[in-house]
Amino acid sequence: MSMMKIKIQEGAIVADCSETVEQLVSKTNVLEKLDPSCERRNFTAPDSFTLNPLEGPTHPIPTDPFTQYGSQSPPTFENMAKQIMSSSNFLLFSLLIITFSLVPNIASATLEEGSALLKWKASLQIPNNSLLSSWLPLPMNSSASFPCNSWFGVTCNPDGSIQKLNLTTSRLNGTLHRFSFSLLRNLTHFNLSVNNFFGPIPPEIRLLSKLVYLDFSQNKFSGAIPPEIGNLHQLTILYLNSNNISCSIPSSLHDLTSLEVLYLYENQLSGPIPIELGNLKSLTDLELSDNQLSGPIPSSLGELTSLEVLYLDGNQLSGLIPIELGNLKSLTDLELSDNQVSGSIPSSLGDLTSLNTLYLDGNQLSGLIPVQLGNLKSLTDLELSDNQISGSIPSSLGDLTSLNTLYMFQNQLSGPIPIELGNLKSLTDLELSNNQISGSIPSSLGDLTSLNTLYLFENQLSGPIPIELGNLKFLTDLELSDNQLNDSIPSSLGDLTSLDTLYLDGNQLSGLIPIELGNLKFLTDLVLSDNLLSGSIPSSLANLSNLQYLYLMDNKLSGLIPQGLGNLDLFELQLAENQLSGYLPEDLCHGGKLHIITVSRNQLIGPISRGLRNCPRLRRARFEHNQFSGDISNSFGIYPILDFLDVSHNNFHGQLSQNWSKCKNLRTLVMAYNNISGRIPPDFGNSMQLQRLDLSSNHLTGEIPKEFGNMKSMLNLSLADNQLSGIIPPELRFYEILEVLDLSTNRLNGSIPKDIDQWTHIHYLNLSNNKLSEKIPSEIGKLVQLTELDLSHNLLTEEIPSDIQRLQSLQKLDLSHNRLSGSILDAFTSLPRGIDIDISYNELTGPIPSSANFVNASIQGNSGLCGNVTRVKLCPSESLKKKNNSFHHSLILAIMLPLIGAVLLALFTYGPIAYRQQKKKSPQKPLDEETGDYFSITSFDGKVAYDDIVKATNGFDEAYCIGTGGYGSVYKVELQPNNVVAVKKLHSSFENVDHNGFLNESLGLES
């Protein structure tokens, strides 16, 4: 086969017969034939050429293939064609046709794509020194391969068309609006990840039908996923994660049957997971986490038998875990955490024998832990925490010998910790906290020699701490707080030389603190508070050079505080509520890092440590209820971030320092119950952030500074039990969020300010034991949140304002020991029931309201009060009413008693007569035939009885008389054996006697 050589020169192509066709096709521009037999001619290309089928395939030629070459005049083929056609070497002609048919078309396509990319680049915001600076405008006579060879991120296929565009991490900012999808149809890889692209993904993306790889992750794309993405049938990788994409997942994604990886996580997608995703049989990695997806997990996902990774965590998915997920035999990672999935854990998950990680935490799962989970021999991470799982921990979990992490905290698990967990030799993190686990800590946990973290806090564990825990040489975190552990702290814990944190607080541990804890050189947190520990604080703790938090409060520790603790760079020192004595370590806060110190409720003495005077990071300090002494004015320094200070119930003396106003973050200052004297510095008014100030029970004098009105954040102000004088500053009206005000037991005078109606949030107001005068302002009725109001022991006058009825939250009202006058208004009856009222020792007059609140009220010392209440005289109207009631009662008795007597007399007088008349009408039975009582109603015969009585008394002989009354004589009569009765014989003048007296005698006879 003859060869033709083509050589490129500027503006011409030189050819001879030594080049291959491929080399020939790679040449462009104007031809010039070097062979002497070839004369240089101008020629024009015809519309198209067609090769002989025997020579090669048909190839169309554009009409004007050189229009992309700038302003140069294109050569013509006229003369050359004539010469070629006259030559017998037709093969050479065919090669030339191929040369001129392929090269101009490739050049045209490549340059057109390059121009399209330049137009898109112009719409973007590109930082200086960007790699896209290589995208230079195409020169007039540039090579068609210029974008392929020189442009960053551009890769072309063998035909010279752009095939891959990779602009990841280029700091680009813009949209895809100007991107020419129609001109870049040959793209197979499109990567714009880790930029700042925003706006929607255009539906024209469907034109990139050859895409295999699409990565738009970690941008700011928004709007919906265009359904047209479903047209990209060759797509295998789709990364749209970490954007602002919203709306639902389009069901058209099920057409991406070649898809292997689908990342949509970290967006704002909502709605259900399409069941059609179950059609993606090639899918190996599906990650939809951290969206707002809702509804159930479709069971169709169980058909993705090639799936290896399934991440659905961080959504709002609900319903049950489909049992069909147990079909995913290739699954290695399953994460469903942080959803609203409920029901029990399906036992079918025990069939996922390839599983490495199983995250079901942060849901609403209930029921038992399936024992089948013990089949997951490849499992390294099992997280079931933060659910409502109940029952005991299955011992089968002890078979998961590859397990590194086991999280089951924050559930309702009960029963003991299985001793089989001691078989998990690879375990590094065991967290069972916040459950109801009981029993003792198994000593087998001491076999977990790889363990770094052991959290068993907030359970119901009891018994001692196993000494075997001292074998866990790699343990860095041990937290056993808030259980019922007892006995002493084992000294073997001193062998945990890698330990960073040790939390044993909230138990019933007793005995001494082991001195061996001083060996824990890496310890940063030692928390032993709220136990029954006794003895002294071991001085070996001063060896813990990395210690930052030392909590020993709420124990029974005694003795001195080791001075060596002052050398530690502590952040927090909490020793409150023990029985510690002696002095504070002198060098406390020597490193300036101390944030919190609480030593309250001990028996500490002496001055405050000098190191604490220069402690710039101090935020909270509590020294109350000790015996600290010293001059308060120089015991403390200036603390830029101090928020809370309480030195109450000590023996500080001296005057208040102006430095407290320089503590710009101070919100609570309590100095009550000391011996502080002098005036309150007006500079306190500069502490505008102060919310609570308690200077009560000291020896302060002078007036309350009017500058106090500047402290508009004040919630609680107590200046009680001092020797303050003057008026209540009207500037206090600016305390619009005040809740508590106690100015009691001072020497304040003047009136109660009318501006108190500004204190609309106050619930405690005590102005008692002062010399306040004038009337109680009616504005007090606007303090509707008040629960306790004490104005007692003052000089208040005039009437109690009716507005007091508006205080419907009131529980205690004390107005005693004043000079209040007038009547008690009925408005008091509108106050809440059960209120404690004291209005004693005033000058009140008039009736006491008939209210349940005054049944137990203190009202003595008001001589003008009256009413139907114990220890108070009756009102005139009440007295008259009582007399009238007595008269009515006497009149009723005077009428009723004679009537009752007359009825009884008639019964005794006429009853026997009526009976005898009745007897005459009926036959009588002999007495010896009677079966009942002698005076039985059915057999009583008055005449027979009378005769028998006369006979038995021998005619009422005096020998049978046993008594004589005003109305007759009484006789003992034995009518039958064992039947003795008393019979009264009336005097002959009975009709003229007093009937009431007769009735009384009759009743006496009956008894």
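Things worth noting here:
- Cβ-based exposure ranking for Trp120, Trp759, in which fewest neighbours within 10 Å come first: Trp120, Trp759
- With R₀ fixed at 45 Å, the C-beta to C-beta distance from Cys247 to Lys521 puts the FRET efficiency at about 0.20.
- Within the shell of other residues whose beta carbon sits under 14 angstrom from the beta carbon of Leu557, the net charge comes to -2, with Lys and Arg scored +1 and Asp and Glu -1.
- Based on Cα contacts under 8 Å between residues 6+ apart, segment 223-267 shows a relative contact order of 52 percent.
- Across segment 706-716, rounded Karplus estimates of 3J(HN,Hα) from the backbone phi angles (6.51 cos²θ - 1.76 cosθ + 1.60, θ = phi - 60°) give 5, 5, 4, x, 6, 7, 6, 8, 5, 10, 9 Hz, Gly and Pro being marked x.
- Look at His590, His177 and count the other Cβ atoms within 10 Å of each Cβ; fewest to most, that gives His177, His590.
- Global form of segment 303-420, assessed from the alpha-carbon gyration tensor, a/c cut-off 1.5: oblate
- Amide H partners (placed H, <5 Å) of Leu820, local residues excluded: Glu843
- With R₀ fixed at 51 Å, the C-beta to C-beta distance from Asn749 to Ile641 puts the FRET efficiency at about 0.80.
- Averaged over residues, the count of other Cβ atoms within 10 Å places the peptides 748-755, 667-674 in the sequence 667-674, 748-755, highest first.
- Between Ser536 and Ser809, the contour length at 0.36 nm per residue exceeds the Cα-Cα span by 93.3 nm.
- For the pair segment 442-494 and segment 598-646, the centres of their Cα atoms are 36 angstrom apart.
- Rough spin-label spacing in nm, given labels placed 7 Å along Cα→Cβ, for Glu112 and Asp683: 8.4 nm
- With the simple spin-label model, which puts each label point 7 Å out from Cα in the Cβ direction, the Asp159 to Asp757 separation comes to 8.9 nm.
- Ascending count of other beta-carbon atoms within 10 Å, so fewest first, for Thr760, Thr380: Thr760, Thr380
- Under a 5 Å amide H cut-off, with hydrogens placed 1.01 Å from N, Leu748 pairs with Lys771 among residues at least 5 apart or on other chains.
- Remark: segment 311-319, residue by residue, has Karplus-estimated 3J(HN,Hα) of 10, 10, 6, x, 10, 10, 5, 10, x Hz, where x stands for each Gly or Pro and the curve is 6.51 cos²θ - 1.76 cosθ + 1.60 at θ = phi - 60°.
- Taken along the Cα-to-beta-carbon direction at a fixed 7 Å, the label points for Glu260 and Ile467 span 5.9 nm.
- Backbone HN-Hα couplings from phi across segment 595-610 [Karplus 6.51/-1.76/1.60, Hz, Gly and Pro as x]: 9, 9, 9, 10, 10, 5, 6, 10, 10, 6, 10, x, x, 5, 3, 5
- Counted charge near Asn471, where neighbours are those whose Cβ lies closer than 15 Å (Asp, Glu -1; Lys, Arg +1): -2
- Maximal additional length on extending the His653-Ser773 stretch stands at 39.9 nm, based on 0.36 nm per residue less the C-alpha distance.
- Near the amide H of Ile561, within less than 5 Å, lie the amide hydrogens of Ser581, Tyr583, all on another chain or at least 5 residues away, with H placed in the peptide plane.
None of the figures in this text is laboratory data; all of them are computed from the coordinates on show. Worth saying up front: this structure is predicted, and the values here are computed from it rather than measured. Quick reminder, even Gly has a Cβ in these numbers, built from the backbone with ideal geometry, and neighbours come from all protein chains shown.
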